[in-house]
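Colleague: Would you mind keeping the following structure in view while I ask a few things?
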Amino acid sequence: MKLALVRNHDRSGVLAVAGRPSPERYSEKAVGRVAEALQTGGHDVRVHEADRHLLDRLADDPVDLVFNMAYGIQGECRYTHLPAMLELAGVPYTGSGPMGHTLALDKAVTKTLIAAAGVPTPAHRVARGPVDLEGLRYPVVVKPRHESTSYGLALAHDVHEAAAAVEVVVRRYRQPALVEEYVEGREVCVGLIGNGDEVCTLPAVEIDFGTRALRLMTKSDKFHGTDDEPQRICPAPLDPFLRHRVEDVARATFAATHCRDYARVDIRIDALGVPQVLEINSMASLGTGGSYVLAAAAAGLDFAGLVNRIVDVAVERYDREAPDRATSRAGAAATGAHGG
């Protein structure tokens with residue numbers, strides 16, 4: 001199958017700088033690993049920039065499917081920019097659509113949706129100042145409402161610390177803060193792959209904080225910048241009943257936020273053994289040191305197998321939506337090329 005791997009590397013391809021620049025992007029080394037994995041799966045791959053010139057490039061060199069690795073260039077809805085552009089042009093792509101990314105990136109909306117679906121989640125407030133912090137039990141976790149990768153994350157033990165952390169979020173990230181009650185307990189994350197009734201959960205990954213005082217996964221931890229970085233244990237040592245509960249809330253979160261193809265759900269297990277969902281990442285990292293890739297390996301999928309499985313589930317989704325698409329024929333050939 002003819003694929004375009006689309007990512008953000010050069011941020012100059014805009015008409016004007018508007019909104020907060022995206023702090024996230026894949027390294028060229030990571031992009032190269034995914035491109036190589038796709039080629040291993042028998043695909044014809046080219047790499048493009050996700051900018052205002054992309055549709056011209058795709059018009060000049062049409063592809064069967066776009067593999068989306070683009071976090072966006074700027075703005076609070078940056079995850080949605082490439083999917084929206086591709087939907088407008090009628091180009092199939094991997095991963096969640098604009099709706100799924102919007103709902104998942106807004107942590108407050110995520111919590112409202114999953115709570116309505118019966119999924120436990122910590123009590124929270126959306127805050128711009130001290131007046132919004134009443135009625136919560138401390139300690140609380142403060143983070144930007146529309147960020148990922150633990151940007152701006154802080155633990156506050158009282159209303160004064162929380163107010164200071166909220167002020168930092170509003171000033172630095174130019175958005176409200178999400179303030180949620182801290183859940184003491186084990187932390188696990190669950191990767192998902194597939195769509196509809198065929199969504200599969202990958203083995204849960206437990207975040208082992210060891211003996212350190214701060215039992216939160218910080219931005220520095222995720223970028224391997226701390227000496228006491230938490231360890232990842234996969235499969236997480238969960239008894240069968242708890243494992244099923246964790247998997248059930250992960251699937252329910254995936255469905256409630258209209259995610260597609262693949263994602264990762266972060267969960268805290270409270271003192272009563274109740275899995276409480278913290279958030280969902282609609283663009284689970286494909287970095288080789290991350291939890292999603294680790295979970296796939298525990299499920300028997302090497303890196304190339306995981307990347308090509310994401311292609312397969314996207315093709316299967318489009319085939320269900322429009323069986324006469326050319327991707328049906330291309331997808332069947334691709335599945336045969338790398339053994340499904």
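The values are calculated or read from the model by the stated rules, or taken from the named source; none is laboratory data. Keep in mind it's a predicted model, so treat the numbers as computed, not measured. Here the Cβ is made from the backbone with ideal geometry for all residues, glycine too, and neighbour counts use every protein chain on show.
Colleague: Quickly run through the stretch 114-138 and pick out the residues that are in contact with a Pro (Cβ under 9 Å, 6 or more places away or on another chain) and not aliphatic (A, V, I, L, M).
Modeller: Result: P120, R128, D132.
Colleague: Now for a separate question. Mind counting the residues in the stretch 50-84 that are modelled with pLDDT under 95 and not small (G, A, S)?
Modeller: Total satisfying the criteria: 12.
Colleague: Now for a separate question. Please go through the stretch 91-101 and pick out each residue that is surrounded by 21 or more Cβ atoms within 10 Å (Cβ to Cβ) and within 14 Å of F254 (Cα to Cα).
Modeller: Scanning the stretch 91-101 gives G95, S96, G100, H101.
Colleague: Farther than 30 Å from E229 by Cα, in the same structural domain as A322 (by TED's automatic domain parsing) and surrounded by fewer than 16 Cβ atoms within 10 Å (Cβ to Cβ): does that describe E134?
Modeller: no
Colleague: Quick test of your reading of the structure: G287 fulfils all but one of (1) part of a helix (DSSP H, G or I); (2) within 21 Å of M69 (Cβ to Cβ). Name the failing condition by number.
Modeller: That leaves (1) as the condition not met.
Colleague: As an exercise: evaluate T112 against (1) of a type outside the set (K, R); (2) buried (at least 16 other Cβ atoms within 10 Å of the Cβ); (3) at pLDDT 95 or above and give the number of the one condition it does not meet.
Modeller: (2) is the only condition that T112 fails.
Colleague: Could I ask something else about it? Which of the residues that make up the stretch 265-276 are over 14 Å from the mean Cα position of the chain (by Cα), part of a strand (DSSP E or B) and not charged (D, E, K, R)?
Modeller: If the condition is that a residue be over 14 Å from the mean Cα position of the chain (by Cα), part of a strand (DSSP E or B) and not charged (D, E, K, R), then I269, P275, Q276 are the ones that fit.
Colleague: Hey, can you tell me all the residues within the stretch 47-90 that are on the phi > 0 side of the Ramachandran plot and surrounded by fewer than 22 Cβ atoms within 10 Å (Cβ to Cβ)?
Modeller: G75, G90, listed by residue number.
Colleague: Looking only at the stretch 88-99, which residues are over 21 Å from N281 (Cβ atoms) and not β-branched (V, I, T)?
Modeller: L88, A89, G90, P92 - these are the residues of the stretch 88-99 that are over 21 Å from N281 (Cβ atoms) and not β-branched (V, I, T).
Colleague: Collect the residues in the stretch 196-222 that are at pLDDT below 85 and under 24 Å from D302 (Cβ atoms), keeping them in residue-number order.
Modeller: Within the stretch 196-222, just K222 meets the criteria.
Colleague: Being surrounded by fewer than 17 Cβ atoms within 10 Å (Cβ to Cβ), part of a helix (DSSP H, G or I) and at pLDDT 95 or above: is that true of A104 here? Before you say what the answer is, go through the steps one by one.
Modeller: Numbers: surrounded by fewer than 17 Cβ atoms within 10 Å (Cβ to Cβ): no; part of a helix (DSSP H, G or I): yes; at pLDDT 95 or above: yes.
Answer is no for this residue.
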